[in-house]
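Input: a single structure, listed below in structure tokens.
Bear in mind that the values in this text are calculations on the coordinates, not laboratory data. In this text, all values refer to a predicted model and were calculated from it rather than measured experimentally. Virtual Cβ from ideal backbone geometry, glycine too; neighbours counted across all protein chains shown.
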Amino acid sequence: MSYLLLNGADVNILSVGGDSVLTSTCFDQANHLEAIRLLLSWGAEHIIKGELITKERKLALRQEMSSNGHVEIANIISSELGGRRCEIVSAPKTRDDLVGKTCVAEEYVEISDHYRVTMEFTNEVLRLGANKLKRRDRTPQDPGYYVECKNNRLIRRDFKSNEECRTFVASLGSDEEESSEVDPGAEAKAEQAAADLLSELGLGDLEGPSSSSALKMEKEPAASGKKKKRGGKKKRR
């Protein structure tokens with residue numbers, strides 16, 4: 001899934017019914033905890049029938065998840081930053097080095113309004129107040145890691161910092177620009193990546209005419225020219 005998102009798949013692409021990938025995955029009876037965490041870190045939103053989910057509906061969704069035994073998923077989706085990739089905007093006085101660094105909010109502790117976070121690149125686990133964090137969704141330009149396909153195998157590339165990762169991604173972009181200033185198939189590739197993302201999760205087709213209708217081939221009219229008769233006078237014997 002990361003490979004598709006890195007290649008332009010829209011994390012909030014809608015199914016035919018108008019639900020986002022995140023919402024459809026939550027309603028699935030299977031426990032897609034890791035997929036949900038991944039989608040949240042890339043900025044996925046809860047969308048139902050083309051509209052962002054309300055707080056009331058979100059609470060009902062949490063209760064439904066809990067009743068189905070998916071307590072951890074319910075905890076993640078109920079909080080504002082649960083599962084999200086975040087940037088630390090303020091830190092304890094003894095940890096000024098954390099400011100500007102990124103982490104993933106793993107769990108929300110409601111009683112103290114804190115998040116248990118895991119730092120990117122070091123995997124250090126901390127507890128930080130909600131007011132010390134802000135969302136910093138992954139993007140193809142700022143993913144925090146990279147996945148490439150070599151010999152039909154997906155290989156994850158990790159880095160020591162976001163700066164190193166962004167430099168690597170930027171170098172790939174400059175190589176593509178040198179080979180071709182304009183990629184006429186970029187939009188088609190992004191749409192195909194989005195379709196593959198839905199297919200990977202078993203969520204059906206994309207919404208919209210570009211994905212739900214097949215291309216029609218126009219038939220050229222048949223040539224209307226008359227056949228030439230084999231002329232010539234009969235030879236006299």
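Structural remarks
- Gain in span if fully extended, GLU124 to ASP96, counting 0.36 nm per residue against the direct Cα distance: 8.6 nm
- Net lengthening on full extension, SER112/SER171 (0.36 nm per residue, minus Cα-Cα): 16.9 nm
- Highest mean packing comes first when the peptides 9-21, 69-81 are listed by Cβ atoms within 10 Å, giving 9-21, 69-81.
- Rounded to whole numbers, the Karplus 3J(HN,Hα) couplings from phi for region 98-106 are 7, 4, x, 7, 10, 8, 10, 6, 7 Hz, using 6.51 cos²θ - 1.76 cosθ + 1.60 with θ = phi - 60°, and x at Gly and Pro.
- The calculated FRET efficiency for TYR145 paired with SER67, based on their beta-carbon distance and R0 = 41 Å, is about 0.75.
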